[in-house]
Amino acid sequence: MIEKLKEIVRHRELIFTLVSRELKARYRGTVLGFLWSLFNPLLLMLVYTVVFGFIVGGGRVSGFESTKFYALFLFNGILPWTWFSSSMLESANVLSVQGALIKKIKFPIEVLPIMVVTTNMVHFLLGLPVLVFFFILFGKALTPWVLFLPVSLLAQYIFTMGLCFLVSALTVHFKDIKDILSNLLTLWFFATPIIYTYQSVPKALQYVLNLNPMTHIIESYHYSFYFGSLPHYKRFAITIVVGLLFFYLGYLIFDKLRDTFVEEV
Amino acid sequence: MEAVQVRDVFKFYKKYADRHKFLTIKSAMVNKTLFGDLQVGERFEALRGVSFDVEAGHTLGVIGENGSGKSTLLKILAGISKPTAGTVVTRGRISALIELGAGFHPEISGRENIFINGVILGLTRKQIQEKYDEIVRFAELEEFIDNPVKSYSSGMFMRLGFSIAINVNPDILLVDEVLAVGDASFVPKCLDKINEFRRHGKTIIYVSHDLATIERICDEVIWIKKGKIEMRGYPKRVVDAYLEYIGKKDEKKSLLQHGEEETSAGREKEKRWGSREIEISDVRMFDGRGQEKYIFEADEPLAIRFDVEAHAAETDFVFGIGVFNGEGINCYGSNTLLENYAARKIQGKGRVQLTVPALGLVNGTYFLDIAVHKRDGYPFDYHHFQYSFKVVSSHRDVGIARIPHRWEFSDNIVLKKNENP
């Protein structure tokens, strides 16, 4: 495994080049460029704020000082979630979309899902200044706990990467994973404290939420930005271990199926 | 020293392609075959025990029909796919010209794509920077290099792809048919570059259907047939044996097709017109011994024979014939009027034969126009491009017709004719 990781590190220039290709291509084709990658999270935030803040709540969301703060909380969770879900959806397609690279060139295939997760991470990072802007706009103070961000980032990257290895490899053999995946992600979205707080969930259900690694990852963003305190470090530490496990298993299966990609893509 | 060693290489493909479309997780779980489906089912044997060596600095040509396993072999040499059994040892950096410009992104500029494609092919950005000017110059894209690749013509696209791949500066160059898509002026340039590689002692493996080029640039040729090496040796010898085999096979096919064409009324309509007061039927071709034949040597005798039937007596009629090559160029045409035959009378059934003592055509496929019409051109029955024959020979001369000729040299010029090179 260590050897394989070194191999991946050796391809960093290739990964870097492919990620910048993806970013350039996405931002060049359209006038609004990078704003488009923010469009989806902003829209989600707006919809949930209107629904829960004004239609259901009548101008107040329980547990939040104001609707503006609820919007902040939403955006705080939706941004990293978008990174996660876009990565998953794109990695289901990436091997067939980039089929020419796999079939026609000697190419380290694991670079492709890495490219997907990294590209989406860059979109996420580009969205952070907008998040900070909203904090300032809505008059909510940020604390030094924001500096916890790199740790959350790393945890999410490892966990997402593991799943994306798995999804990209299996989709080659089972085409219907794509359809299952989009539905699964919708369910997963609601099973993660993004549009509601972890604390507002009944105790019994919290146990269920605890089983979802994304709960703790999104919570860590909530803590370091919105709540301005240290995340629940025990749960977070376990999440990192689980993430590493997923990464290991995901890569293992990807590596096992690697030789079949050339013929099956 | 060998640059490439291939030992007993087998490659089997699982043949679940048709079943695969319906393969879903659900069906896999229902049938409890989640992993069973990933196991070997029926298999297609693309390569069956291939062994050969290529000396460093040599150029090996690989020929064979479509589906014979040439491309599979090249992909295995390139390290793209793995052999099912057997070993491949290569020494040195490999560059495979299998698909040019793989990884090009249409939205971004040629300049940026050079860097991306170069890194994909295994160069560092620094190495690409050093070769950048040479790449652009060779591709002849100086003016367009900052335009997005989607605005390139297919020729420009191919030139850029070739230029990058060749500048990877490999020790072993694998070429698979990529030059077939190039524009006419660029292909010789590519071949020059490949020749330059040969002079610099690089190893080249060249897969192509272009037998003339194979003969010209290769030191040795292998012919792959149904996944096995059928023959290996001097280019000329292998290419000739291959041509003979193809010729025999095509002859059978052509004979079969010939029968089909006559019964296909739909095709006849657009390729045949005229009032039918005189009708042409049953057009056949024969060799010098009266044997029906559709594949000819370059200078073989050919006879074209067809039946005619005049439903009423006619006194104004001309028989004509035209020979066209694959590009639609009229190689030869004549008719009885041009050759001063004055028509007197035709009635009922008859037969016409045109005999050519020596064909005098270069290799290729030829089509026939056969017609009977009035002196003023009024068509009775005109068959356009309805019949074809092929010239397959070991002559390598080019052009439209094979003009009879011989070479003569004064005494101080010495050439030796290689009867069987």
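The values are calculated or read from the model by the stated rules, or taken from the named source; none is laboratory data. This is a predicted model, so every value here is computed, not measured. Ideal geometry is used to build each Cβ from the backbone, glycine not excepted, and the neighbour counts take in all protein chains shown.
Determine if the stretch A:116-126 includes at least one residue that is surrounded by fewer than 15 Cβ atoms within 10 Å (Cβ to Cβ) and under 20 Å from the mean Cα position of the chain (by Cα). Yes; the residues of the stretch A:116-126 include at least one that is surrounded by fewer than 15 Cβ atoms within 10 Å (Cβ to Cβ) and under 20 Å from the mean Cα position of the chain (by Cα).
Rundown of residues vs (1) aromatic (F, W, Y); (2) modelled with pLDDT under 90; (3) closer than 18 Å to B:Q386 by Cβ, yes/no style:
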position: B:F306; (1), (2), (3): yes, no, yes
position: B:D316; (1), (2), (3): no, no, no
position: B:I321; (1), (2), (3): no, no, yes
position: B:F324; (1), (2), (3): yes, yes, yes
position: B:G328; (1), (2), (3): no, yes, yes
position: B:C331; (1), (2), (3): no, yes, yes
position: B:T336; (1), (2), (3): no, no, no
position: B:Q347; (1), (2), (3): no, no, no
position: B:V352; (1), (2), (3): no, no, yes
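Check the stretch B:124-140 and report whether any residue there is surrounded by 15 or more Cβ atoms within 10 Å (Cβ to Cβ), within 11 Å of another protein chain (Cβ to nearest Cβ) and either small (G, A, S) or in a loop (DSSP other than H, G, I, E, B) (or both). Scanning the stretch B:124-140, I find no residue that is surrounded by 15 or more Cβ atoms within 10 Å (Cβ to Cβ), within 11 Å of another protein chain (Cβ to nearest Cβ) and either small (G, A, S) or in a loop (DSSP other than H, G, I, E, B) (or both), so the answer is no.
Any residue at all in the stretch A:75-90 that's farther than 24 Å from B:E107 by Cα, modelled with pLDDT of 90 or more and among the small types (G, A, S)? Checking the stretch A:75-90: at least one residue is farther than 24 Å from B:E107 by Cα, modelled with pLDDT of 90 or more and among the small types (G, A, S). Taking A:G243 as the residue in question, decide whether it is in contact (Cβ under 8 Å) with a residue 60 or more places away in the chain and surrounded by fewer than 20 Cβ atoms within 10 Å (Cβ to Cβ). So A:G243 does not fit the description; no.
Screening the candidates A:A191, A:A169, A:A155 for the property of being within 21 Å of A:L89 (Cβ to Cβ), within 14 Å of another protein chain (Cβ to nearest Cβ), surrounded by 14 or more Cβ atoms within 10 Å (Cβ to Cβ) and not aromatic (F, W, Y) yields one hit, A:A169. Listed by first and then second residue, the pairs linking a residue in the stretch B:1-24 that is within 14 Å of another protein chain (Cβ to nearest Cβ) and surrounded by 14 or more Cβ atoms within 10 Å (Cβ to Cβ) to a residue that is part of a loop (DSSP other than H, G, I, E, B) and modelled with pLDDT under 55, with Cβ atoms under 7 Å apart and 6 or more places separating them unless they lie on different chains, are B:K14/B:V40. Listed by first and then second residue, the pairs linking a residue in the stretch B:377-406 that is outside the structural domain of B:G320 (by TED's automatic domain parsing) to a residue that is at pLDDT 85 or above and surrounded by fewer than 17 Cβ atoms within 10 Å (Cβ to Cβ), with Cβ atoms under 7 Å apart and 6 or more places separating them unless they lie on different chains, form an empty list. For the stretch B:285-331, the candidate set comprises residues that are without any contact (Cβ under 8 Å) to a residue 24 or more places away in the chain and assigned to a strand (DSSP E or B); within that set, the residue that is nearest to B:A401 (Cα to Cα) is B:N330. In the set A:T17, A:T49, which member is of a type in the set (S, T, N, Q), within 14 Å of chain B (Cβ to nearest Cβ) and surrounded by 20 or more Cβ atoms within 10 Å (Cβ to Cβ)? Of the residues listed, the single one that is of a type in the set (S, T, N, Q), within 14 Å of chain B (Cβ to nearest Cβ) and surrounded by 20 or more Cβ atoms within 10 Å (Cβ to Cβ) is A:T17. Scoring A:L170 on the criteria (1) under 30 Å from A:T67 (Cβ atoms); (2) among the hydrophobic types (A, V, I, L, M, F, W, C); (3) in contact (Cβ under 8 Å) with a residue 12 or more places away in the chain leaves a single failure, condition (1).
Quick check: is even one residue across the stretch A:251-264 in contact (Cβ under 8 Å) with a residue 24 or more places away in the chain and either among the small types (G, A, S) or part of a loop (DSSP other than H, G, I, E, B) (or both)? No - not one qualifying residue is present in the stretch A:251-264. The single condition among (1) buried (at least 22 other Cβ atoms within 10 Å of the Cβ); (2) away from chain A (no Cβ under 12 Å); (3) in contact with a Leu (Cβ under 8 Å, 6 or more places away or on another chain); (4) under 27 Å from B:F12 (Cβ atoms) that B:L97 does not meet is (2).
Checked against (1) under 33 Å from the mean Cα position of the chain (by Cα); (2) at pLDDT below 90, B:R125 passes all but condition (1).
So for the stretch B:198-212 (the condition being acidic (D, E) and outside any loop (DSSP other than H, G, I, E, B)), does at least one residue qualify? No, the stretch B:198-212 contains no residue that is acidic (D, E) and outside any loop (DSSP other than H, G, I, E, B). Summed over the stretch A:224-265, the residues that are away from chain B (no Cβ under 14 Å), within 29 Å of B:S81 (Cα to Cα) and touching a His at 6+ places or on another chain (Cβ under 8 Å) give a count of 0. Among the residues of the stretch B:388-413, which ones are under 16 Å from the mean Cα position of the chain (by Cα), among the β-branched types (V, I, T) and either surrounded by 14 or more Cβ atoms within 10 Å (Cβ to Cβ) or over 26 Å from B:A241 (Cα atoms) (or both)? Passing the criteria: B:V391, B:V392. Based on what the data block shows, is B:T203 of a type in the set (S, T, N, Q), out of contact with any Pro (no Cβ under 8 Å at 6 or more places or on another chain) and surrounded by fewer than 21 Cβ atoms within 10 Å (Cβ to Cβ)? No.
Within the stretch B:107-121, the set of residues being more than 8 Å from chain A (Cβ to nearest Cβ) and within 19 Å of B:V178 (Cβ to Cβ) comprises B:G110, B:N113, B:I114, B:N117, B:G118. Evaluating A:E65 against the criteria (1) within 14 Å of chain B (Cβ to nearest Cβ); (2) surrounded by fewer than 19 Cβ atoms within 10 Å (Cβ to Cβ); (3) in a loop (DSSP other than H, G, I, E, B) leaves one unmet condition, (1). Selection of the stretch B:299-350 for residues being among the charged types (D, E, K, R) and more than 37 Å from the chain's Cα centre (by Cα) yields B:E309, B:E314, B:D316, B:E339, B:R344, B:K345, B:K349.
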